[in-house]
Amino acid sequence: MAVQLYYFPIRGRGQAIRYICLDNDIELENVNIGAEWATKYKPLMPFGQVPVIEDGGVKVAQSCAILRYLGKKAGLKEPSDPLVAARVDMINDQGEDIRGAYVRMIYGNYETGKDDLIKDAKAETQFIETLMSGWGSDFITDTISFADYNLFDLLDILCVLSPGFLDEFPTLQAYFDRIAARPNIKKHRHSDEFKAWPVNGNGKQ
């Protein structure tokens with residue numbers, strides 16, 4: 001039975017979920033909540049928000065909890081060294097801080113806040129670049145994790161916002177290209193479905 005993703009027909013917070021499923025052959029059904037969100041779907045969601053997945057009749061909410069669950073479902077290898085494993089959460093948390101600022105700008109003050117957001121995001125991304133350059137791994141660690149799909153999607157939306165965003169970050173550019181080349185992800189990103197989805201739900205990007 002397919003995992004169901006309750007979300008809007010946009011990339012948004014649903015896209016990293018789609019990536020992890022595609023890359024690990026987890027069958028995923030996109031449930032377009034669309035115009036029925038407020039009346040039909042919202043009352044059924046654990047926290048009254050999306051994205052939410054349903055697997056085996058059980059709903060899982062909150063984007064990072066969903067990604068962690070799907071990583072475990074896919075059997076993604078977790079580092080045995082707690083300090084190496086901490087890299088995953090460190091980078092994911094830093095990425096979430098950047099994404100939070102991005103979302104506030106997109107839905108709050110796009111016209112006046114875009115330039116400052118790009119400047120701040122570059123400063124915060126430099127920390128990730130420095131760490132990952134020093135670690136020298138293909139991914140955040142030696143094997144792909146839930147956080148890699150989340151970071152990949154974040155870097156992608158920042159490049160949509162500011163073409164050439166990764167030009168200053170050679171390690172992250174190579175990292176981005178590495179994940180983008182994974183067969184199922186590459187195929188999806190070239191699909192008409194992906195190209196038709198806006199990044200956000202308000203017409204910005």
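Read-outs: derived from the displayed coordinates by stated rules, not from any lab. The shown structure was predicted, so the numbers you read here are calculated from the model rather than taken from an experiment. Note that each Cβ is placed from the backbone with ideal geometry, even for glycine, and that neighbours are counted across all protein chains shown.
Apply 1/(1 + (r/R0)^6) to the Cβ-Cβ distance of ASP93 and LYS204, taking R0 = 25 Å, and write down the FRET efficiency to the nearest 0.05.
Computed FRET efficiency for ASP93 and LYS204 comes out at 0.50.
DSSP beta bridges in the chain, what fraction antiparallel, as a percent rounded to 5?
Roughly 60 percent of the beta bridges in the chain run antiparallel, per DSSP.
Subtract the Cα-Cα distance of SER80 and ALA196 from 0.36 nm times their separation in residues, and report this length gain in nm to one decimal.
The span from SER80 to ALA196 would gain 37.7 nm if fully extended.
If I model a spin label as a point 7 Å beyond the Cα along the Cα-Cβ vector, how far apart are those points for VAL58 and ASP25 in nm?
2.4 nm
May I ask you to compute the full-extension gain from ALA180 to ALA2, defined as 0.36 nm times their residue separation minus their alpha-carbon distance, rounded to one decimal in nm?
61.7 nm
Please sort by residue number the chymotrypsin sites (Phe, Trp or Tyr not before Pro) in region 2-54 whose DSSP state is loop and whose Cβ has at most 11 other Cβ atoms within 10 Å.
Those that pass, being in a loop and sparsely packed, are PHE47.
Find the centroid of the Cα atoms in region 3-55 and in region 66-143, then give the distance between the two in whole Å.
Taking the Cα centre of region 66-143 as reference, the centre of region 3-55 is 21 Å away.
State whether region 50-98 is rounded, prolate or oblate according to the following rule on the C-alpha gyration tensor (a ≥ b ≥ c being the square roots of its eigenvalues): a/c under 1.5 gives rounded; otherwise a/b larger than b/c gives prolate, and the remaining case gives oblate.
Note, shape of region 50-98 comes out oblate.
Looking at region 3-75, what % of its DSSP beta bridges pair antiparallel, to the nearest 5?
So the antiparallel bridges in region 3-75 amount to around 60 percent.
Can you compute the FRET efficiency between TRP135 and GLN49 using 1/(1 + (r/R0)^6), with r the Cβ-Cβ distance and R0 = 35 Å? Round to the nearest 0.05.
After rounding, the FRET efficiency stands at 0.55.
Mind giving me the nanometre distance, one decimal, between the label points for GLN173 and ILE118, set 7 Å out from Cα along Cα→Cβ?
1.6 nm
Tell me, in nm to one decimal, what length is gained between VAL103 and VAL160 on full extension, where the rule is 0.36 nm per residue of separation less the Cα-Cα distance?
19.2 nm
Could you pull out every whole DSSP H run in the chain that spans at least 18 Å of Cα extent along its own axis and averages 1.0 or higher on the Kyte-Doolittle scale?
Those that clear 18 Å and a mean of 1.0 are 146-161.
Identify the trypsin sites (Lys or Arg not before Pro) of region 50-146 meeting these criteria: DSSP loop state and at most 14 other C-beta atoms within 10 Å of the C-beta.
LYS77
Please report SER145, SER63, SER80 as a ranked list, fewest other C-beta atoms within 10 angstrom at the top and most at the bottom.
With the fewest neighbours first, SER145, SER63, SER80 line up as SER80, SER63, SER145.
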